[in-house]
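The values are calculated or read from the model by the stated rules, or taken from the named source; none is laboratory data. None of the values given here were measured: they were computed from a predicted structure. Cβ: placed from backbone, ideal geometry, glycine included. Neighbour counts: every protein chain shown.
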Amino acid sequence: MSRDTTIKSTVERQFSQVAEKYRVSTVHAAGEDLGRLVELAALTGAEYVLDAGSGAGHTALAVAPHARQVISVDLSAAMLAQGRGLAAERGLTNVVFEVGDVEALPYPDASFDVITTRYSAHHWPHPQRAVAGFRRLLRPGGRLLLSDIVSYDDVTLDTHLQTIELLRDPSHVRDHTAGQWVAMLAAADFQATVAFRWSVRLQFDDWVARMATPPTAVAMLRQLLANAPAEVRTALRVEEDHSFTIPAAMIVAS
């Protein structure tokens with residue numbers, strides 16, 4: 001089994017086990033960035049939208065009232081089932097839920113006016129492939145809105161962030177810096193800008209419960225956060241209960 005297949009199988013398995021928790025996660029279902037994403041998408045009701053790595057569908061459902069049609073794509077059928085249920089509850093009939101790999105999307109060229117992706121990209125083994133695919137799928141004048149946790153330029157801070165992410169979730173690949181995303185997008189012939197930055201506070205117990213992190217890994221995470229160098233504790237705003245705060249960014253590209 002290749003590394004790519006292993007990672008994607010882990011993603012599918014991990015999120016299928018915890019799909020219902022992501023349906024109700026306030027980090028994913030709300031957050032100041034979600035409203036900004038809808039605003040920056042500048043939808044008129046005529047657009048075809050792709051939400052890539054859609055998870056439980058929170059972003060797809062947020063843009064759906066403003067679009068003609070939204071296709072919600074994710075590796076996990078269980079996660080998409082949560083989104084389908086939420087769409088039914090809200091009476092949204094213009095969202096199509098499809099299992100798919102964001103690095104190998106099957107749609108024809110120039111299929112979409114807008115592509116969104118939120119809190120997904122850190123699971124992609126080859127983000128360059130995904131970005132190149134988005135370029136192919138966007139119509140002339142189309143927009144990509146990419147929103148995710150971002151890492152630090154500082155090596156020590158980056159190392160600690162990647163380590164705690166991976167300990168909590170073995171399907172994690174990498175949090176890239178905002179600058180790395182802009183460079184990747186430029187390499188795929190996008191013009192990209194960082195439109196919005198914010199901070200995401202992660203309540204420790206909720207954060208590990210949402211991913212069903214094993215007790216041994218939870219203990220290691222507590223120790224890692226408690227014993228981190230002062231510069232790391234300051235940057236992550238580590239609290240007494242081990243809750244912490246990490247940076248995120250929204251990048252708009254066309």
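Only one of the numbered conditions (1) more than 17 Å from L185 (Cβ to Cβ); (2) outside any loop (DSSP other than H, G, I, E, B) is violated by R136, and that is (1).
Could you tell me how many of the residues in the stretch 85-105 are within 26 Å of A132 (Cβ to Cβ) and either in a loop (DSSP other than H, G, I, E, B) or charged (D, E, K, R) (or both)? Talk me through it step by step, then tell me what you get.
Taking the stretch 85-105 and keeping what is within 26 Å of A132 (Cβ to Cβ), we get 95-105.
Next, only the ones that are either in a loop (DSSP other than H, G, I, E, B) or charged (D, E, K, R) (or both) stay: 98, 100-105.
Number satisfying all stated conditions: 7.
Do we have A209 as in contact (Cβ under 8 Å) with a residue 40 or more places away in the chain and under 24 Å from T26 (Cα atoms) here? Criteria met by A209.
Counting just the residues of the stretch 203-243 that are small (G, A, S) and outside any helix (DSSP H, G or I), which one comes out surrounded by the most Cβ atoms within 10 Å (Cβ to Cβ)? Looking at residues that are small (G, A, S) and outside any helix (DSSP H, G or I), I get A228. Here the stretch 127-149 is the region considered, the condition is being under 17 Å from the mean Cα position of the chain (by Cα) and hydrophobic (A, V, I, L, M, F, W, C), and the residue that is surrounded by the fewest Cβ atoms within 10 Å (Cβ to Cβ) is I149.
Out of the stretch 47-84, which residues are part of a loop (DSSP other than H, G, I, E, B), in contact (Cβ under 8 Å) with a residue 40 or more places away in the chain and out of contact with any Ser or Thr (no Cβ under 6 Å at 6 or more places or on another chain)?
Answer for the stretch 47-84, where residues must be part of a loop (DSSP other than H, G, I, E, B), in contact (Cβ under 8 Å) with a residue 40 or more places away in the chain and out of contact with any Ser or Thr (no Cβ under 6 Å at 6 or more places or on another chain): E47, G55, A67, L75.
Scanning the stretch 160-201 for residues that are of a type in the set (A, V, I, L, M) and part of a helix (DSSP H, G or I) returns L161, I164, L166, L167, A178, V182, A183, M184, L185, A186, A187. A110: over 22 Å from I251 (Cβ atoms), in contact (Cβ under 8 Å) with a residue 12 or more places away in the chain and either buried (at least 23 other Cβ atoms within 10 Å of the Cβ) or touching a helix residue (DSSP H, G or I) at 6+ places or on another chain (Cβ under 8 Å) (or both), yes or no? In short, no.
Screening T59 against (1) modelled with pLDDT of 95 or more; (2) over 20 Å from L144 (Cα atoms); (3) of a type in the set (V, I, T) leaves a single unmet condition, (2).
Here L50, L43 are screened, and the one residue that is more than 28 Å from F204 (Cβ to Cβ) and touching a Leu at 6+ places or on another chain (Cβ under 7 Å) is L50. Which of the residues belonging to the stretch 9-23 are out of contact with any Pro (no Cβ under 9 Å at 6 or more places or on another chain), buried (at least 17 other Cβ atoms within 10 Å of the Cβ) and in a helix (DSSP H, G or I)? Within the stretch 9-23, V11, E12, F15, A19, K21, Y22, R23 qualify. Residues in the stretch 169-191 that are in contact with a helix residue (DSSP H, G or I) (Cβ under 6 Å, 6 or more places away or on another chain) and under 21 Å from T216 (Cβ atoms): P170, S171, H172. Looking at S120, is it in contact (Cβ under 8 Å) with a residue 60 or more places away in the chain and either exposed (fewer than 14 other Cβ atoms within 10 Å of the Cβ) or in contact with a Lys or Arg (Cβ under 7 Å, 6 or more places away or on another chain) (or both)? So S120 fails the test.
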